[in-house]
1. Starting from the Cα-Cα distance between Arg250 and Leu110, subtract it from 0.36 nm times their residue separation and give me the gain in nm to one decimal.
2. At 1.4 Å probe radius, can you tell me the per residue accessible area of the stretch 191-252 in Å²?
3. Based on the Cβ-Cβ distance of Lys474 and Thr441, what FRET efficiency does E = 1/(1 + (r/R0)^6) give at R0 = 45 Å, to the nearest 0.05?
4. Under 1.5 on a/c is rounded, so check that first for the stretch 147-236, then, if it is not, pick prolate when a/b is larger than b/c and oblate when it is not; a ≥ b ≥ c are the square roots of the alpha carbon gyration tensor eigenvalues.
5. Going by average Cβ neighbours within 10 Å, how do the peptides 261-268, 285-292 rank, with the highest at the top?
6. Find, among the trypsin sites (Lys or Arg not before Pro) in the stretch 111-218, those assigned to loop by DSSP (not H, G, I, E, B) with at most 16 other beta-carbon atoms within 10 angstrom.
7. Just grab the label-to-label distance for Gln143 and Val23, each label 7 Å out from Cα along the Cβ direction, in nm (one decimal).
8. Ordered by packing density, taken as the mean number of other Cβ atoms within 10 Å over each peptide's residues, highest first, how do 226-233, 7-14, 59-66 rank?
Amino acid sequence: FEQCRDWALLRRSMELESISGLVDIIKEHIESSPPELISTRLTIEGAHLHRHPNVRLQPPASKPLPPAVEATSPYRWKISQLDELLEAVYNSACAYRCWRGSLVPVRCMLTVLGRLTQDCGESLSTKEPAQVPANWLLCDLEQLQSLMGLFDREPFKGSIDAVEFLVHLGLLHSPLGWPSLNELIEVRRFLEPLAPEGVAWPDFWVQLSDLEEAPLFRDRGGKEERFAKQFQTPTAAEKADFNRPLEQLRWLGRVLSRYPRRLQQLHAWELEATHHDFLVRTSEEAERQEELFDDAKSSSYNTPRSQADGLGTLLNGQLDGGNSGGEHESGPKPLPPRPVEPTGLPARPENAVSVRQLLAYLSLGETPEEGLARSVATLGPSPPEAGAGSPANTPVPVSQLHGILLQLGARPLPSMANGDGRPPLPSLAQLCEELGVTPRTSMTAADLLGNPKAQDMLVSFGLLRRHCRAQVEKLFPKKVPPKPKAAAA
């Protein structure tokens, strides 16, 4: 019994020594400089502890990357603010049942902007960051209504194109400005090889990862870097540089993927089918009116008079004789068959961006003439050659020029029925009739704008303003508030 007791005491003392030694080793490992995880140098296999002073069992912990902080300007929208605006506009459009397209009612946009630009005072500004630039907190309802008036155009009267509105705010007061024509042509040459086999330019989609590699918003002159230094945000810890051009391109991709468009072929078919249905209704109504006011075809009254003794036989003979003289030749022309809906078109991948929609919005110009010329250069069948002069002199088939002019496949289609049932946009046949050409005839944008008949049609349908940028910078100019002067000692 005494021997068993000695063994138990010896084992207890040895276990206490082992535990104390293990604690000292772990303590030494934790308190080492630099501190490391226990599993980087120590391993336990059963009841044995193995130390590896010269072998690293795990890779070293990576240094924490400092967060990227965007410069805060009083007149330029930040990417985080643009994301919040995108979500607010989309959710409000869903509340107004406008989620299928980017047409948002003006009253909906006024409600959204009125809530975002509401100044909460100094008490709440320290708790919640401003959702708009500082200069926008000072605008009133009249200024917001003037802003909506810049985008409230025909044939979308009473609604605005949300994509056009968001693109304008995203590029507002940007040091890089809107992409130049050479940049857009460079983007076109980058995207052309991405077109699937058998798909015509530019009616296809690209993934957001491919769009990030496009040569768009490149800061070759260091303008964004100088802007960030001018309006840098002070932070207590180290921060990384914010890549505004790349983040702006990603944000633009998110906007276009949130508001996708149908292919240009489907938009063109829908427009032509609407015109055909309108012509059919008009022709049927004219026939009904003619039959209603034709005394010879009106039904006779029930009288005791015989049909053979009246004027019916004489009138019938005159009508029969007149028909044999070739009335069909001078009558109205038969209507063409209704257009057939195109089939076999490629389906849109998930979260993909339409190339036509991307280039159509970025091709807006300072004037309608410049905007149309930029659209022809980027969306036409072939880019203008180097040294070919103005892109307005590039010949394009009238069938494709019609789609570029109406921005089919890029902008949302308006309601296909006005008050009188007439379609709000001209068909290809109407454009060819005004110009006196055929759909296969090639024509330049300069010839189209120089045609007086075409000018009247473009003005009546409001097509010129669709290619022109809105002057938002005049309503919200660059205003930097003066810095407060330091109090005198």
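The values are calculated or read from the model by the stated rules, or taken from the named source; none is laboratory data. Because the structure is predicted, anything quoted here is derived from the model rather than measured. Virtual Cβ from ideal backbone geometry, glycine too; neighbours counted across all protein chains shown. Accessible surface areas use protein heavy atoms only, side chains included; no ligands, DNA or RNA. Shrake-Rupley method; radii C 1.70, N 1.55, O 1.52, S 1.80 Å.
1. 47.8 nm
2. 59 Å²
3. Approximately 0.70, to the nearest 0.05.
4. oblate
5. Packing proxy ranking, top to bottom: 261-268, 285-292.
6. Filter output for the stretch 111-218: Lys127, Lys157, Arg218.
7. My value for the distance between the label points is 6.8 nm.
8. The packing order, highest mean first, is 226-233, 7-14, 59-66.
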